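Engineer: Got a structure for you, questions after.
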Amino acid sequence: MTGIMDIVYAEYNYWIYVALMMIGFYAMIAKKNLVKKVIGANIFQTAIFLFYISLSDITGGTAPIIVHGDHAAEVIYTNPVPHVLILTAIVVAVSTTAVALALIIRIYDEYGSLDEDVILAARRNLQPEFSEYARQKEVDT
């Protein structure tokens, strides 16, 4: 039993990432509220970001800055590429979150609810002439 516990303790950060991923995945699949789905997607993305950044860490590694001198060949550098990729991914995640929240606002204006079941039921019963866009066109003319 101690062998399994040693493995769990040695790789605890991976267990945390898996737990965060499953929490985010559960929120995206099981929740009916659209805002909660977006929050779940953000938690899932955060777990992926942390996972990639932890993969680039090397024990005893330093920042990739060239060192001159006697011990220059002995220096171990960490890989900077995952950090750059994650910075780009964070920008994309913030952008998609902003677009998703803007769409949620528009959906709420149209259907008056953020519940997925209510929106789907309204979509099944909704005729094109009764949409908010059609009502606005009638008012303007």
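Condition check ((1) touching a Ser or Thr at 6+ places or on another chain (Cβ under 7 Å); (2) in contact (Cβ under 8 Å) with a residue 24 or more places away in the chain; (3) among the aliphatic types (A, V, I, L, M); (4) in a loop (DSSP other than H, G, I, E, B)) across all residues:
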residue	(1), (2), (3), (4)
6	no, no, no, no
46	no, yes, no, no
59	no, no, no, yes
68	no, no, no, yes
84	no, no, yes, no
88	no, no, no, no
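Engineer: So, in the range 106-131, how many residues would count as being at pLDDT below 60 and among the acidic types (Asp, Glu)?
Structural biologist: So the count comes out to 1.
Engineer: Within the range 1-31, which residues are modelled with pLDDT of 90 or more and surrounded by fewer than 11 Cβ atoms within 10 Å (Cβ to Cβ)?
Structural biologist: 29, 30
The values are calculated or read from the model by the stated rules, or taken from the named source; none is laboratory data. Bear in mind the structure is a predicted one, so any value in this text is a computation, not a measurement. All Cβ positions, glycine included, derive from the backbone under ideal geometry; neighbour counts span all protein chains shown.
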